[in-house]
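Trainee: Pasting a structure below so you can have a look.
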Amino acid sequence: MRRWLLACALLAASGAAWAKGNIAMAPIGRMDLPWWHRQFDESRAEARADLGARIVWLGDSITYYWQRQGGHGYDDVRPVWDQYYAPYQALDFGFIGDTTASLIWRLDHGQVAGLHPRLVIILIGANNFGRVHWDAAMTVPAVEAVVKNAHQRLPGAHILLLGVLPSIRSAWVDEQTLATNAALARHYAGSAEVTFMDVGGVLEQGGKADAGLFVDPRLTPPAPALHPDAQGMRRIAEALAPVVARYVK
């Protein structure tokens, strides 16, 4: 992680070399991390083995959590995936800790090569507001770059872009989340190729993230609420179901 953050800092210092100087849009791989390298190789193998996948999920650890089987009930999310996405031979390309930059790198290096899904679901941006501290002004065009990249590589797929989910991290993160989602909603309003959905409301109570719908506060030691639990993920799947049914036959 330290090496990756150092790389980010160095790239930021030479931002003119990147599109509009926005490092959040730059392809940044994490191949120096053995587990990430291994997961990327495995994801490419999954893609080659399941060319008939009708849905592809792209994202970070929240997307990765679809496969979680923690054994405590609240963190057994895999059954929700099996109900809502497994029937479509869905592929889950969620990588822990990834930002928009690393997702762009994955797309640029062939993660979805050879696939012809009907629907691509993208959930990215939460980690932009983490340690790298990239704000909405950087994150919005970066998410748009992810969408454009995915559309170019998978032109036959409709793209379902999800807003950054609510979390309980800081007031600054809340502000960036709201600003990012509002900007993306405006940008994709009326788009025939991209459906933008802000489903964060299903994880809230009184307009704020409901800690009871997240795994992290129940960990030992507890952590800030970021990853929805099984109930929260089920609520998300239910909210997305009409769009999934519309585009995936």
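The values are calculated or read from the model by the stated rules, or taken from the named source; none is laboratory data. Since the model is a prediction, treat every value here as computed from it, not as a measurement. With ideal geometry, Cβ positions are generated from the backbone for all residues, glycine too; neighbour counts draw on all protein chains shown. Each accessible area value is taken on the protein alone, full model and side chains, heavy atoms only, with ligands, DNA and RNA left out. Shrake-Rupley method; radii C 1.70, N 1.55, O 1.52, S 1.80 Å.
Trainee: Please figure out what share of the DSSP beta bridges in the chain is antiparallel and state it in percent, rounded to the nearest 5. Walk me through the intermediate numbers first.
Mentor: Details: 4 of 21 bridges.
That works out to approximately 20 percent antiparallel.
Trainee: Continuing with the same structure: Report the local net charge at Tyr84: Lys and Arg +1, Asp and Glu -1, summed over other residues whose C-beta lies under 14 Å from its C-beta.
Mentor: Details: positive: Arg54, Arg78, Arg234, Arg235; negative: Asp82, Asp92, Glu238.
Its environment carries a net charge of +1.
Trainee: In debye, nearest 20, what is the charge dipole magnitude of segment 124-176 about its Cα centre with +1 on Lys and Arg Cβ and -1 on Asp and Glu Cβ, if you could check? Intermediate results must be reported in sequence, preceding the final value.
Mentor: Numbers: 4 positive and 4 negative charges, 49 e Å.
The calculated dipole for segment 124-176 is roughly 240 debye.
Trainee: How many nm is it between the label spots at Arg218 and Gln69, if each spot is 7 Å from the Cα in line with the beta carbon?
Mentor: For the pair Arg218/Gln69, the computed spacing is 1.8 nm.
Trainee: Using a 1.4 angstrom probe, figure out how much accessible area the chain has per residue, in square angstrom, rounded to the nearest whole. The partial results should precede the final answer.
Mentor: Details: 10920 Å² over 249 residues.
Value returned for the chain: 44 Å² of accessible area per residue.
Trainee: Sort segment 94-146 into rounded, prolate or oblate with this rule: let a ≥ b ≥ c be the square roots of the eigenvalues of the Cα gyration tensor; rounded if a/c is under 1.5, and if a/c is not under 1.5, prolate when a/b is larger than b/c, oblate otherwise. It would help to have the intermediate numbers written out before the result.
Mentor: Details: a/c = 2.23, a/b = 1.90, b/c = 1.18.
Here segment 94-146 falls in the prolate category.
Trainee: Lys and Arg at +1, Asp and Glu at -1: add these up for the other residues within a Cβ distance under 9 Å of Gln69 and post the number.
Mentor: Net of charged neighbours comes to 0.
Trainee: Taking the Cα centre as origin and putting +1 on Lys and Arg beta-carbons and -1 on Asp and Glu beta-carbons, what dipole magnitude results for the chain, to the nearest 20 debye?
Mentor: Numbers: 23 positive and 23 negative charges, 87 e Å.
Using Cβ point charges on Lys, Arg, Asp and Glu, the chain gives about 420 debye.
Trainee: Okay, next question. With +1 on each Lys and Arg Cβ and -1 on each Asp and Glu Cβ, how big is the dipole of segment 38-137 about its Cα centre, in debye rounded to the nearest 20? Walk me through the numbers before you get to the answer.
Mentor: On the way: 9 positive and 12 negative charges, 34 e Å.
Charge dipole, segment 38-137, about its Cα centre: 160 debye, nearest 20.
Trainee: Ok, one more. Obtain the radius of gyration and the Kirkwood radius of the chain from its C-alpha atoms and give Rg over Rh. Could you put the intermediate results ahead of the total?
Mentor: Numbers: Rg = 17.0 Å, Rh = 18.3 Å.
Rg/Rh for the chain comes to 0.93.
Trainee: While we're on this one: Give the calculated FRET efficiency between Asp41 and Ala171 to the nearest 0.05, with a Förster radius of 45 Å applied to their Cβ-Cβ distance.
Mentor: Values: r = 39 Å, r/R0 = 0.88.
Between Asp41 and Ala171 the formula returns 0.70.
Trainee: Please report how far the C-alpha centroid of segment 145-221 lies from that of segment 66-105, rounded to the nearest whole angstrom.
Mentor: Rounded to whole Å, the Cα centres lie 16 Å apart.
Trainee: Share of segment 167-249's accessible area from carbon and sulfur, percent, 1.4 Å? All intermediate terms of the calculation are to be shown ahead of the outcome.
Mentor: Working: 2340 of 4150 Å².
That fraction is 56 percent.
Trainee: Taking the Cβ of Ala241 as the center, what net charge do the other residues with Cβ under 13 Å away carry, scoring Lys and Arg +1 and Asp and Glu -1?
Mentor: Values: positive: Arg234, Arg235, Arg246; negative: Glu238.
Once positives and negatives cancel, what remains is +2.
Trainee: Under 10 Å, Cα contacts only: if you run a Gaussian network model on the chain, which one of Ala142, Ala157, Ala45 comes out with the highest mean-square fluctuation?
Mentor: Among Ala142, Ala157, Ala45, the largest mean-square fluctuation in the Gaussian network model of the chain belongs to Ala45.
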